[in-house]
Amino acid sequence: MAQPVNLNRFRKERARKEARRQADRNAAFHGLTGAEKSRARAEAERERRLHEAGRREAGQAPSGPPPDEPE
């Protein structure tokens, strides 16, 4: 006698495969994946912080050697 088959398992598997196909289509259509977008946002934030760290405050004298004076 044959073993009973759980049809719900096959339905869920088919639904997961279809959802994965749809997600792949959306990722291709909309560009970057979620992980790539997150990484790009983190990189932009890091660059912004690095840029802000190099700013001088108002009234602060420039650092480094004084410019050469003409003779």
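FYI, it's all coordinate maths here, none of it is from the lab. What you see is a predicted model; the values in this text were computed from it and never measured. Here the Cβ positions follow ideal geometry from the backbone for every residue, glycine too, while neighbour counts run over all protein chains shown.
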_What are the ³J(HN,Hα) couplings of the stretch 31-42, residue after residue, when phi is run through the Karplus curve with 6.51, -1.76, 1.60 and θ = phi - 60°? Round to Hz, x for glycine and proline._
x, 6, 6, x, 5, 5, 5, 4, 5, 5, 5, 5
_Net charge within 13 Å of residue 7 by Cβ-Cβ distance, Lys/Arg positive one each and Asp/Glu negative one each, not counting residue 7 itself?_
+3
_Contour excess over end-to-end distance, with Cα ends at residue 33 and residue 5 and 0.36 nm allotted per residue_ = 6.4 nm
*Hey, what angle do you get for helix 7-30 against the long axis of the chain, alpha-carbon based, 0 to 90 degrees rounded to 10?*
30
*asked:* Testing the spin-label approximation: label points 7 Å from Cα along Cα→Cβ at residue 20 and residue 43. State their distance in nm.
replied: 2.8
